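A.B. asks: My questions will all concern the structure given below.
The values are calculated or read from the model by the stated rules, or taken from the named source; none is laboratory data. Please read these numbers as outputs of a predicted model, since none were measured by experiment. Cβ placement follows ideal geometry from the backbone for every residue including glycine, while neighbour counts extend to all protein chains displayed.
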Amino acid sequence: MHRVAAASAIGTILEWYDFALYNAMSGLVFNKIFFPSFDPLVGTLLSFLTYGVGMVARPVGGIICGRLGDIIGRRPMLIATVSTMGATTALIGLLPSYSEIGVLAPILLVILRFVQGIMLGGEWAGAVLLSVEHGSAKRRGLNASWTQCGTPGGTLLATAALALTTALTSNDTFIAWAWRIPFLVSVVLILYGVWLRARVPETPQFSILKAKDDIARAPVMEVLGSHWRRVLMGCSIKFGPDAVGAMMFVFTLTYLTQVVMVDRSLALSAVSIGSAANLVTIPLFGSLSDRIGRRTLYLLGIALALVYTGPLFQLLDTGIPSVIILAVVIGLVIHASLWGTQASFISEQFPTRLRYTGSSLSYTLAGILAAATPAVLVALQSHFGTSWGPAAYVVLLLVVTATAIMVGTTKPVDDEV
């Protein structure tokens with residue numbers, strides 16, 4: 001299970017390494033490199049929207065990879081996703097700037113995001129199933145949480161790469177070419193991920209289905225025809241936690257550097273320390289969900305997030321380094337209570353023969369809204385000139401998730417093969 005857990009997490013680490021890099025660069029570099037003719041905040045907004053293209057492509061990947069994952073197996077799809085999405089991340093590091101090739105630069109950026117989005121659409125569900133279907137049903141919460149650890153793990157690696165690069169180069173050098181280094185370093189993660197996943201066998205549950213010839217022939221149609229309510233539930237489960245994650249991992253960087261006007265290194269340090277706390281507590285909450293139930297823990301985490309969202313920005317506004325770091329740490333521990341439970345919660349909504357497709361569709365369809373969240377938060381901040389706009393949006397999505405869990409069907413499908 002140690003190897004399985006590592007193989008499960010590596011793809012998500014790479015995904016969030018890219019996510020954290022891209023969104024940090026959106027506010028620091030990309031608004032100058034690819035959108036130089038716009039106001040810095042508008043350029044940041046356009047950068048976030050470009051990232052959204054990759055998220056919109058995810059449902060396409062969810063359909064393609066989910067179908068293939070339920071037909072040919074989890075393992076081959078996971079090798080394909082980690083290698084392709086890693087390659088696109090590295091290519092961003094080689095992309096010419098607007099000053100070199102004009103409008104073709106942002107166009108190529110959009111194309112890379114779209115291709116990457118397709119692969120990302122099939123990555124998460126397969127990674128979760130790799131650990132869930134290799135482990136005991138009584139430890140699904142803990143086993144599934146290893147995939148979720150990729151979020152803070154990738155963010156930590158990205159912020160460390162950013163901090164090291166910015167520390168060793170001047171601001172002009174960083175903007176001119178050094179920003180490319182962290183993207184190119186992702187090649188190491190690609191090679192390790194492919195090697196690791198190649199050494200992990202197909203999941204026992206899928207192997208049994210294949211031996212029985214009980215594999216779904218048209219999994220997408222079957223999921224949408226017979227399990228569409230559970231797809232909606234899977235989407236709703238993600239709305240609130242994704243909003244909290246976007247606020248804590250992404251928007252706080254923009255808010256601290258462009259609104260509170262603190263030093264970039266302080267903002268990155270706060271997110272790094274918070275990510276470490278998030279990383280440690282995710283498996284703890286995943287294990288706790290095995291004991292007290294996913295629904296109970298999820299609702300508790302949502303309640304804490306609802307209470308904390310408003311005070312978070314008041315704490316950030318103080319500009320005091322210790323207060324800022326503490327505020328981000330608390331927010332990301334609350335996020336861990338949701339993130340550590342989410343993967344098992346969603347995967348349990350579907351039977352084994354349809355689990356890859358159902359989980360992928362739930363994850364990727366909800367991801368469209370998640371993709372827009374950083375841009376929405378920036379737009380609300382820009383329009384209202386106050387943090388209450390972004391805070392109200394996060395609260396709204398948390399309420400939607402809480403309502404869906406309280407009135408929807410959350411009973412797990414128990415079809416242990």
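A.B. asks: Val250 - would you say it is aliphatic (A, V, I, L, M), assigned to a helix (DSSP H, G or I), buried (at least 24 other Cβ atoms within 10 Å of the Cβ) and modelled with pLDDT of 90 or more?
C.D. replies: No: the conditions fail for Val250.
Residues are listed down the side, and each one gets a yes or a no for (1) aromatic (Phe, Trp, Tyr); (2) farther than 25 Å from Ala404 by Cα; (3) modelled with pLDDT under 95:
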| position | (1), (2), (3) |
| --- | --- |
| Thr257 | no, yes, yes |
| Met261 | no, yes, yes |
| Ser265 | no, yes, yes |
| Gly274 | no, yes, yes |
| Arg295 | no, no, yes |
| Ala305 | no, no, no |
| Leu326 | no, yes, no |
| Gly331 | no, no, no |
| His335 | no, no, no |
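A.B. asks: Something else now. For region 238-281, which positions are within 20 Å of Tyr22 (Cβ to Cβ) and of a type in the set (Val, Ile, Thr)?
C.D. replies: Scanning region 238-281 gives Val244, Val250, Thr252, Thr254, Thr257, Val271.
A.B. asks: Filter region 147-202 for residues that are in contact with a Pro (Cβ under 7 Å, 6 or more places away or on another chain) and buried (at least 22 other Cβ atoms within 10 Å of the Cβ) and give the result.
C.D. replies: The answer is Cys149, Ala158, Leu162.
A.B. asks: Turning to a different aspect of this structure: Could you tell me which numbered condition Pro96 fails, if it satisfies all but one of (1) touching a residue at least 60 places away in the same chain (Cβ under 8 Å); (2) surrounded by fewer than 16 Cβ atoms within 10 Å (Cβ to Cβ); (3) not aliphatic (A, V, I, L, M)?
C.D. replies: Failed condition: (1).
A.B. asks: Return yes when Gln349 is closer than 30 Å to Ala218 by Cβ, touching a helix residue (DSSP H, G or I) at 6+ places or on another chain (Cβ under 9 Å) and part of a helix (DSSP H, G or I) and no when it is not.
C.D. replies: no
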